Amino acid sequence: TPDPDHLSGGLTRPELLKRVCEHYARGLAQSQEARDYLESRGLGSVEMWRAFSLGYCGGSLLKTVPKGSETRQALVELGVLNARGKEHFLGCVVVPLEHPELGLVGLYGRRLNPKAKIRHLFLPGPKRGLLNWQVLRTANSVYLVEGALDALSLWVAGVRNVTCLHGTGGLSPDLDQFIKRSNVREIHLCLDTDRAGDEAVEKLCEQLGGRFKVSRVLLPSGSDPNGLLVNEGADVLRSFLNCAKQISADNPKPIPDAEELPLTETTDTGFTLEFSDVVYQVTPRPPFTGRLQIALRASLRDTAGRKRFLDRADLTSSRARSALVKALSHQLNIPRERIEAHMFCLVDTAEEWVHAFDEDEPEIAAVQPLSATQRAEALDFLQAPKLVERLLGDMEEFGYVGESKGKILAYLIGLSRKLENPLSGIIRSQSGAGKSGLSSLVAKLTPPEDLVHYSRVSAHALAYAPKDAFKRKLVVMEERVGGEAADYYIRILQSSHMIRQAVVIKDPATGKMRTQEFEVEGPIAYLETTTNRHINQENASRCFEIYLDETEDQTQRIHARQRDTRSLMRLKRSERESILERHHNAQRMLDEVKVVIPYVHRLTFPTKWLRTRRDNERFLCLIEVSAFLHQHQRVRKTVTGPKGDTIEYVEATLEDYQLAYDLAKDVLRDTLHELSMSARELLDRARSLDGSFTRRQLRENLGWPQRRVTENVAELVDMEYLAVLSGSNGKAYEYTVVLAEGEQPSPIHGLVHPDVLRTALCGKALANA
């Protein structure tokens, strides 16, 4: 019998198959159809393709092999080419199979065409080779699945100790030999839940002969690992892998547990228990002191949720539990004993969930003391003569171009968390203008121990947080809509710096009602983003409103930066990790020192608007935070406090006022004006048009979408800046400008100009000299 591993022309099987697989790997890179197929099967991970050297046979191998050559003859002997000279795996995704000692010895192919009569292909002859043997060499346990795509599905889901059978025929000689010589002691059979899978389990138990601890993964009826990955996702597939029952050598059917263990899935708001017949969705309801209130939804699995039960109950009450069991049994037509068994598991899971909820948030790794080098680098940064320019430069390194005033203001808002009265900000723009990018950038530059970053907050989440969960933290809300439910508590933390509430609860010892107080401490610095044109005045009056640049010039800057990131220059830029480390360490080195504004009584502020009672406080805080940032460039001074203690402070300089003035003047103009920013932009353009005009003319002139033009025209008409000259249904409306330019005084006229303040202070200094 000829040696199957030695071929014509002195070629060997591993050597030639390696060259074939390299060609197929290039074929996968060139075939969009093959890549789309793998993506549709949940196997679109490029990392996985490279790890397993996946390929695609598109029929181009023949072009690389001369006719009549020994190599072509060797490919026929291997079976890569059939007797007619056609490629055996044509139209297949190809997975290489290896022998631990011999190397590449086999191939598996899966046809892309779902209508193909034969969809699974191997090289002719015995099915040789293993998948993923390298990882299994040191593993104590292994997941065994039917086919290569199922094994790759587990790998994508994060389970690396997996290999496959070549179908349902049991262990191949190579796999049987490998497992006997490996460190594997436990085998989890993750086979399809059909008749062929059940028969394969029986055969495998005979082959394994009691040498291993064997269990079977309890997949849903009629399912397979790849199907679960595609239909339910990696998390669900992983959860099923944890549901396994031991199989005895004598009886290959799963050994029943004393009690059925449900599939449990927990979320931030509750948990789900899936038994074989009933699914329970449980939402615990705070407060959790002295009681365990839940909202319960139960449904039968085989009715697709059509037969269901809804109720609320206190699980700490025996009477309530008994009533709940009785109602569930009646409504779902399930024996009471079985519902009682479910209830024991439900109560235990609820207690565990509440215990995890009550525990402090996972602590961020303790901040290690800064090394001498780190302190020197941070101090060098903080003492830089043009510190604000360095800040802007670092922020540009993260790709955020332009918006210099918005970036510095947002950064100072985040830094103000260390002050007595921190600042808050709302970043406003249309969708896609970069508001989320700016808030995320400020969050990145903030030390993780001082940051709380949310996408959504439920109504009472802040009120029941640990007492110091937000104290002196920067709270970033991804979108305004995500925090609307908790608006009230956010405003309390902004203004009063403490949430204090009293809740009536039942004392578990006496059964009587009593009052329980909860406290959550501030203060917080707060930053959120929104696309809404109109903001609740209660929220707006507590925040700086940061409008982003939506001009075409800014768009051009962004496009240039995006192109720049694809150029060679990006490889020469400093590492972003070093920038983050520098900012984190620099902010950690800022002491919570007091700030005094020596010229504060010379300052003025607009008084026409009622909301300026809060805006003036924020403007003074902006001066303070600038001085606070520059504290290592200021002389530390001391004063004796009322209790005889020494208080250290730094003084704000004219440069701090200049920065605050430059940042706040535009914000004040935008927020105190009775018109929105977009409406003012449209009004300016309307004034440049001769005579009357239509919405279409405005749209073409501004390049805005129709909806934006309509909204802003409506605002200007309502505020009597524009008047309707003519128009009706079916006829275009014509408008004209009513008010002349400059009729409303600018809000910044109430601020002292920095040059005026400088002159006044210099005159005072000369008078005192």
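Give the span of the stretch 570-646's Cα atoms along each principal axis, as three whole-Å numbers ordered largest to smallest.
For the stretch 570-646, the Cα extents along the three principal axes come out at 52, 41, 18 Å.
For a Förster distance of 51 Å, can you work out the FRET efficiency between the beta-carbons of K203 and E337, rounded to the nearest 0.05? Walk me through the intermediate numbers first.
Details: r = 37 Å, r/R0 = 0.73.
Once rounded, the FRET efficiency stands at 0.85.
Go through the stretch 98-157 and name the trypsin sites (Lys or Arg not before Pro) that are in a DSSP coil and have 11 or fewer other Cβ atoms within 10 Å of their Cβ.
Answer by residue number: K115, K117.
Along the stretch 9-17, what does the Karplus equation 6.51 cos²θ - 1.76 cosθ + 1.60 (θ = phi - 60°) give for ³J(HN,Hα), rounded to whole Hz, x for Gly and Pro?
x, x, 7, 10, 4, x, 5, 6, 5
Tell me the GluC sites (Glu not before Pro) within the stretch 396-488 that lie in a loop according to DSSP and have at most 14 other beta-carbon atoms within 10 Å.
Answer by residue number: E420.
Which of these values of Cα extents along the principal axes in Å was calculated from the structure shown: [x] 80, 74, 50; [y] 141, 70, 47; [z] 113, 81, 75?
[z]
Which one, L149, T531, L391, projects farthest toward the positive side of the charge dipole computed for the chain from Cβ point charges (K/R +1, D/E -1)?
Ranked along the dipole, the leading option is L149.
For the stretch 450-509, which trypsin sites (Lys or Arg not before Pro) are in a loop by DSSP, counting at most 14 other Cβ atoms within 10 Å?
K467
What does the charge count near A627 come to, summing +1 for each Lys or Arg and -1 for each Asp or Glu among other residues with Cβ under 14 Å from its Cβ? Don't skip to the end; give the middle numbers.
On the way: positive: K418, K594, R634, R636, K637; negative: E420, D591, E592, E624, E648, E651, E655, D656.
In short, -3.
Under a plain spin-label model, where a point goes 7 Å from the Cα along Cα-to-Cβ, how far apart in nm are Y733 and E396?
The modelled label-to-label distance comes out at 4.4 nm.
Can you flag which of K203/K307; K471/K643; K435/K731 are past 30 Å Cα-Cα?
Flagged as over cut-off: K203/K307; K435/K731.
Please give the per residue accessible area of the stretch 631-729, computed with a probe of 1.4 Å over protein heavy atoms only, in Å².
Value for the stretch 631-729: 53 Å² per residue.
Listed highest first by mean packing, meaning other Cβ atoms within 10 Å per residue, what order do 75-84, 633-642 come in? Could you put the intermediate results ahead of the total?
Details: 75-84: 16.9, 633-642: 10.8.
Result, highest mean first: 75-84, 633-642.
I need the P(r) histogram for the stretch 80-163: all alpha carbon pairs, bin width 10 Å from 0 out to the longest distance, whole percents.
Calculated over all Cα pairs of the stretch 80-163, the distribution is 17, 43, 30, 9, 1 percent.
Quick one: net charge around I647, please, counting Lys, Arg +1 and Asp, Glu -1 for every other residue with C-beta under 14 Å from its C-beta. Spell out each step's value before the answer.
On the way: positive: K594, R636, K637, K643; negative: E420, D591, E592, D645, E648, E651.
Value of the local net charge: -2.
To the nearest 20 Debye, how big is the dipole of the stretch 131-215 about its Cα centre, given +1 on the beta carbon of each Lys and Arg and -1 on that of each Asp and Glu?
Numbers: 9 positive and 11 negative charges, 112 e Å.
The dipole of the stretch 131-215 has a size of about 540 debye.
Give the residue from I179, N712, L7 lying farthest towards the positive end of the charge dipole for the chain; charges sit on Cβ (+1 for Lys and Arg, -1 for Asp and Glu) and the dipole is referred to the Cα centre.
Most positive-ward Cα: L7.
Using Cα-Cα distances under 8 Å and only pairs 6 or more residues apart, what relative contact order does the chain have, in percent?
The value is 7 percent.
Between beta-carbons, use under 14 Å as the cut-off and find the net charge around Y37, counting Lys and Arg +1, Asp and Glu -1.
+3
Among K18/K63; K326/K512; K637/K665; K386/K665; K444/K665, which pairs are too far apart, with a Cα-Cα distance over 24 Å?
Numbers: K18/K63 17 Å; K326/K512 26 Å; K637/K665 30 Å; K386/K665 21 Å; K444/K665 27 Å.
Those over the limit are K326/K512; K637/K665; K444/K665.
Can you tell me the dipole magnitude for the chain around its Cα centre, using point charges on the Cβ only (Lys, Arg +1; Asp, Glu -1), in Debye to the nearest 20?
940 debye
Summing -39500 (n - 2.57) over the DSSP H runs of n ≥ 4 in the chain and dividing by its residue number, what mean residue ellipticity at 222 nm do you reach, to the nearest 500 deg cm²/dmol? Could you put the intermediate results ahead of the total?
Numbers: 27 runs with 304 residues, N = 769.
So the helix-based figure for the chain works out to -12000 deg cm²/dmol.
Report the gain in length on full extension from K471 to R26: 0.36 nm times residue separation, minus Cα-Cα distance, nm rounded to one decimal.
154.6 nm
Using a probe of 1.4 angstrom, how much of the accessible area of the chain is carbon and sulfur, in percent?
Values: 19310 of 39860 Å².
Heavy-atom surface of the chain belonging to carbon and sulfur, 1.4 Å probe: 48 percent.
The values are calculated or read from the model by the stated rules, or taken from the named source; none is laboratory data. Note that the structure is predicted; figures quoted are calculated from it, not measured. Please note: Cβ atoms are built from the backbone with ideal geometry, for glycine as well, and neighbour counts cover all protein chains shown. Surface areas here come from the heavy atoms of the whole protein model, side chains and all, with no ligands, DNA or RNA. Shrake-Rupley method; radii C 1.70, N 1.55, O 1.52, S 1.80 Å.
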